[in-house]
Amino acid sequence: MTPRQGAIAVTGLGAVSALGPDVSAMLDGLRAGRSGLGATTRLELGDLPSRPVGEVTTLPGSPDDGPATHRLAIAAATEAWRSAGSPAPPLRVAVIMGTTTGGIGESERWYLGRLAGEAPDASALRHHAACTVTEASARAIGALGPTMTLSTACSSGANALTVGADMLRSGRVDVVVAGGADALCLTTYAGFSSLRLMSDAPCRPFDRARDGLNLGEGAACLVLERADEARARGATIHALLLGSAISCDAHHMTAPAPDGLAVLAALTDALDRAALTPADVDYINAHGTATPANDEAEARALRQVFGASGPPVSASKSFLGHTLGAAGALEAVVTVLALREGFVPATLNTESPEDDAPADLVLGAPRDASIRVAVSTSFAFGGNNAVLVFGRGDR
Amino acid sequence: MNLDLVLSGAALWQPEIGGPSEEPEIPAGIDPRTVRRSTRLGRIALAVASEALTRAALDPAPEDTALVVGTALADLDETAGFLGGIHARGARFASPQFFQRSVHGAVAGELAILLALRGYNLTVSEGMRSGEAALAAAILAVQAGRAPRALVVAIDGRSEALSAALNALGLPDEAGEGAAALVVETAADAARRGAPVLAALGGVNPSMAPGFSSGRHGASGLCDVARYALGESPAAPASVALTVSPKKS
């Protein structure tokens, strides 16, 4: 089947996460069922208890490249761009990044130092604005086309792919490097703690005993091109982005709408744009934060669309933690790897799934499978929902 | 698909730079109780959004109206409040209210709830070009068929934290703020609804917008667009291809 709008090829991948510094390390970790969650070695927690996080143990680049979020973004963008073979002249390349923190990790130190009566170094404030993450990424790969920075909390990275695909279809540019980046910082750690959404243990998506999420950090970028042009230049096509959608609960700032109708609408719209039906989907990479409310709402929406049985489902946050603005992009890379390599990644830590959890929740170890179509979901503060539909590159 | 797009609604709030800053009134039809927990920026955004929608004869807006918000800095008062609480009481007692209001998408989330908009929803943060970038994202969304129309809001406010940061960096603090809202739809839809057409929208190139602060941060460009569309300014900003409709009175 042909997507209603032109298919978009994924011709480059970059990822730095708690599983390691690149896509290869991520694939190894997923294949081995090895979690990246552990105690933080870098974060200043104040009086908060240490909880498992998905930390990038060795930050890429150097402090001269900017704050942690920028360094993560630069690493992912550079890996993706190189793996795609630098496919277009700089003016025809757009960079679209999602982030929630930008440079707040540095700004918070400056602001707290100022409140404490110190005279902290203000130079890092130049990296505060979210858009500086995108600008740093664009500079690193030499892109001179449009830049756009999206900040829709935990769906930011997924939304960057949707906007990137639309920009390609508009003809405005020939290549889009799209993704997301976020680093751990006190603001998000204390913020999610204040909302009582963090678990003291490694997270258990869709488990009866789930009690919250683990924060993480990382970045991922995907190089997108119009599929016919990517084929014409002989590019390696890791997967096709067949459809995508964005919707909003319009219900609550931090809690998902119990009826799941907006999630349902996004799933239906994304599949419709891909000219696919739920029966065509072979794998779902769920948002699966392991908070009681999120997993319940997501499970309900998946059941409504895919039926009581449904395709295999896994939740990558049990490997990576919840990387906020990077999550949608990192999980898009996981989904593309599943399609390309022919396996369903596992969900770790979950031992006793809820009665209404996805029926085929893949637990403990990955499963070899031929996947033709896969869906990745992302949900966010503000009721923002994002759905991506990928197909195998050789479709 | 390349659709002919128009602006059918526009509104702005731009207090004098450096002068007093009076909040706009809560629009008629909005129960004040529903915004009692809103932030100042949230109330201002609601006021300009409602005015633009009313001008576009979209009151209430259908729920499939896209909402795209542009902001350079989000709500720094909320971020400062959150960090101030950590300083005063410790991170263990950080405020969840300040935290959830400090995220860039807070205004878009709040507007979506208050206006019951359940479609495409995006927040764009592109520094001083945030408004223009939000308009570009909205045009993409409508052209791609993701929504039949879009409400675009640009907003940035003053804050003590911003002033302190600018001072620390040795940059001028113009102490300006502003907000603007536009309604983008196809010319055919506007004609079918009998809606007013303020201007034909040829496109936007955010890279042509000034990258430095003109006092209202990320809202500057869209304030200029709204002023032109409303006949309050003789020229559109260079970054936006806009032709005021001869039908506009």
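Sequence-ordered 3J(HN,Hα) estimates for region A:3-16 from the Karplus curve with 6.51, -1.76 and 1.60 and θ = phi - 60° stand at x, 4, 10, x, 5, 10, 8, 9, 10, x, 9, x, 7, 10 Hz, glycine and proline given as x.
Tally the DSSP beta bridges in the protein assembly as shown and give the antiparallel ones as a percent, rounded to 5. DSSP beta bridges in the protein assembly as shown are roughly 70 percent antiparallel. Once a ≥ b ≥ c are taken as the square roots of the eigenvalues of the Cα gyration tensor of chain A, is the result rounded (a/c under 1.5), prolate (a/b larger than b/c) or oblate (a/b not larger than b/c)? The shape class here is oblate. Between B:Phe212, B:Phe82, B:Phe93, the Gaussian network model of chain B with springs among Cα atoms under 10 angstrom shows the greatest mean-square fluctuation at B:Phe93. The mean count of C-beta atoms from other chains within 10 Å of the C-beta of residues in B:90-98, rounded to a whole number, is 6.
Here the Karplus curve 6.51 cos²θ - 1.76 cosθ + 1.60, taken at θ = phi - 60°, turns the phi angles of region A:31-39 into couplings of 5, 7, x, 9, 6, x, 7, x, 6 Hz, with x standing for Gly and Pro.
Sorting A:His128, A:His70 on solvent-accessible area from highest to lowest, probe radius 1.4 Å, gives A:His128, A:His70.
Across peptide B:64-76, the mean count of Cβ atoms from other chains lying within 10 Å of each residue's own Cβ comes to 2.
Distances between placed amide hydrogens fall under 5 Å for A:Val53 paired with A:Gly38, A:Ala39, A:Thr40, all partners being 5 or more residues away or on another chain. A Förster radius of 56 Å, combined with the Cβ-Cβ distance separating A:Ala279 from A:Ala119, puts the computed FRET efficiency at roughly 0.30. With the helix formula -39500 (n - 2.57) applied to DSSP H stretches of n ≥ 4, the protein assembly as shown reaches a computed 222 nm mean residue ellipticity of -10000 deg cm²/dmol.
With +1 on each Lys and Arg Cβ and -1 on each Asp and Glu Cβ, how big is the dipole of the protein assembly as shown about its Cα centre, in debye rounded to the nearest 20? Please list the in-between numbers first.
Details: 50 positive and 66 negative charges, 172 e Å.
Roughly 820 debye, rounded to the nearest 20.
Farthest toward the positive end of the dipole of chain A, out of A:Thr289, A:Gly61, A:Met167, is the Cα of A:Met167, where the dipole comes from beta carbon charges about the Cα centre. Using θ = phi - 60° in the Karplus curve 6.51 cos²θ - 1.76 cosθ + 1.60, the 3J(HN,Hα) couplings for region A:86-95 round to 6, x, 8, x, x, 5, 9, 10, 9, 10 Hz; x is entered for Gly and Pro. Under 5 Å between amide hydrogens, built in the peptide plane, is the criterion, and for B:Glu126 it picks out B:Thr71 among residues at least 5 positions away or on other chains. Shielding of peptide A:143-154 by partners, expressed as the average count of other chain Cβ atoms within 10 Å per residue Cβ, is 6. Close amide H pairs (under 5 Å, H built 1.01 Å from N) link A:Leu242 with A:Val389, A:Phe390, A:Gly391, residues at least 5 positions away or on another chain. Shape class for region A:26-148, computed from the alpha carbon gyration tensor (a ≥ b ≥ c): oblate, with a/c not under 1.5 and a/b at or below b/c. Here chain B carries DSSP beta bridges of which approximately 75% are antiparallel, counting only pairs with both residues inside. With contacts taken as Cα pairs under 8 Å and at least 6 residues apart, chain B reaches a relative contact order of 30 percent.
Give me the percent relative contact order of chain A, please, defined on Cα pairs under 8 angstrom at least 6 residues apart. Don't skip to the answer; put the middle values down first.
Details: 1113 pairs, mean separation 95.1, N = 395.
Relative contact order comes out at 24 percent.
This model, with +1 at the C-beta of Lys and Arg and -1 at the C-beta of Asp and Glu, gives chain B a dipole about its Cα centre of some 500 debye.
With the highest mean first, a sort of the peptides B:104-114, A:189-199 on other beta-carbon atoms found within 10 angstrom per residue produces B:104-114, A:189-199. Applying 0.36 nm per residue to the separation of A:Leu91 and A:Ala365 and subtracting their alpha-carbon distance, the gain on full extension is 94.2 nm. DSSP H helices in chain B with Cα extent of 20 Å or more along the helix axis and mean Kyte-Doolittle hydropathy at least 0.0? TM-like helix candidates: B:40-55.
The trypsin sites (Lys or Arg not before Pro) of region B:36-122 that meet both conditions, a loop assignment by DSSP and at most 13 other Cβ atoms within 10 Å of the site Cβ, are B:Arg36, B:Arg37.
Is region B:33-158 best put as rounded, prolate or oblate by its Cα gyration tensor, with a ≥ b ≥ c the root eigenvalues, rounded for a/c under 1.5, and otherwise prolate when a/b is larger than b/c, oblate when not? Verdict is prolate for region B:33-158.
The values are calculated or read from the model by the stated rules, or taken from the named source; none is laboratory data. Just so you know, these numbers come straight off a predicted model, no measurement behind them. Cβ atoms come from the backbone with ideal geometry, glycine included; neighbour counts cover every protein chain shown. These accessible areas exclude ligands, DNA and RNA; they are computed on the full protein's heavy atoms, side chains included. Shrake-Rupley method; radii C 1.70, N 1.55, O 1.52, S 1.80 Å.
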